[in-house]
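I have placed the structure first, in the form of structure tokens, so that the comments after it can refer back to it.
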Amino acid sequence: MGTRLDQMGITKQVIIINAVLIFGAFMSTLNQTLLTPALPSIMNELRVDAATVQWLTTAYLLVNGIMVPVTAFLLDKFTTRFLFFFSMGLFTAGTFLAGISTTFSMMLAARVLQAVGAGIVNPVGQTIMLLTVPKEYRGAGMGIIGLVFGLGPCVGPVVSGFVVDAFSWHMLFYALTPLCVLTMIVGYFYLENF
């Protein structure tokens with residue numbers, strides 16, 4: 001398989017780089033719907049009503065959507081490596097803070113922080129994929145990224161339902177935090193400036 005990929009112009013490093021970026025994108029899109037089954041538990045613990053708790057999802061999607069076009073400006077000003085670590089750092093910090101949240105305000109701020117990171121990491125991942133994969137395979141690469149973008153929101157409620165039934169809603173974020181850190185560690189060794 002290695003020789004076939006080498007013939008296509010795809011090295012082991014390109015595969016690892018894109019796997020890291022795709023995994024980061026998966027975690028950020030997973031968070032779009034991850035809280036949906038956990039909202040009743042969050043309402044009870046943080047003592048807020050349904051209209052208020054919905055802001056955890058709405059704010060995430062709103063800020064995420066705003067950051068996507070802003071990333072085009074950021075890509076002109078900063079390197080892709082810096083933006084990857086900056087965005088994953090924000091996402092990781094937001095994930096950890098959401099897990100330890102004891103008030104609704106803290107939880108909302110953590111979700112906004114997550115969304116800023118997620119809104120940057122997805123376009124950066126697409127950009128790096130387009131720069132690292134040979135032209136003739138870019139369509140397949142974009143298809144894989146599109147699949148991940150579609151899969152994350154579908155898997156989120158299923159995973160969340162199991163976790164909330166077995167543990168607490170905090171565990172949704174506690175479980176994601178080390179995965180985010182692992183993504184950053186692997187990215188540190190393989191990701192270059194593009």
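The table below lists the values:
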item: Scope the range 147-182; condition closer than 27 Å to Lys77 by Cα and open to solvent by 40 Å² or more (accessible area, probe 1.4 Å); matching residues; result: Phe149, Val181, Leu182
item: Where a residue in the range 78-101 is open to solvent by 10 Å² or more (accessible area, probe 1.4 Å) and at pLDDT below 95 and its partner, wherever it lies, is of a type in the set (A, V, I, L, M, F, W, C) and not in a helix (DSSP H, G or I), with Cβ under 6 Å and at least six apart; result: Arg81/Leu191
item: Hey, Met67 crowded, with 16+ Cβ neighbours inside 10 Å, touching a residue at least 60 places away in the same chain (Cβ under 8 Å), more than 15 Å from Met107 (Cα to Cα) and not hydroxyl-bearing (Ser, Thr, Tyr) or not; result: no
item: The one condition in (1) surrounded by fewer than 18 Cβ atoms within 10 Å (Cβ to Cβ); (2) farther than 23 Å from Lys12 by Cβ; (3) modelled with pLDDT of 90 or more that Ile185 fails to fulfil; result: (2)
item: Any chance Val48 is outside any helix (DSSP H, G or I), at pLDDT 90 or above and either open to solvent by less than 20 Å² (accessible area, probe 1.4 Å) or more than 12 Å from Gln114 (Cα to Cα) (or both); result: yes
item: Criterion: of a type in the set (A, V, I, L, M) and out of contact with any Gly (no Cβ under 9 Å at 6 or more places or on another chain) - qualifying residue of Ile22, Ile17, Ile100, Ile66; result: Ile100
item: Test: residue in the range 7-17 that is polar (S, T, N, Q), assigned to a helix (DSSP H, G or I), open to solvent by 30 Å² or more (accessible area, probe 1.4 Å) and at pLDDT below 85; result: yes
item: Count of the range 108-132 residues which are of a type in the set (A, V, I, L, M) and open to solvent by less than 20 Å² (accessible area, probe 1.4 Å); result: 8
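The values are calculated or read from the model by the stated rules, or taken from the named source; none is laboratory data. Please read all numbers here as calculations on a predicted model, not as lab measurements. Glycine also receives a Cβ, built like all others from the backbone with ideal geometry; neighbour counts cover every protein chain displayed. Only protein heavy atoms, including side chains, enter the accessible area calculation; ligands, DNA and RNA are left aside. Shrake-Rupley method; radii C 1.70, N 1.55, O 1.52, S 1.80 Å.
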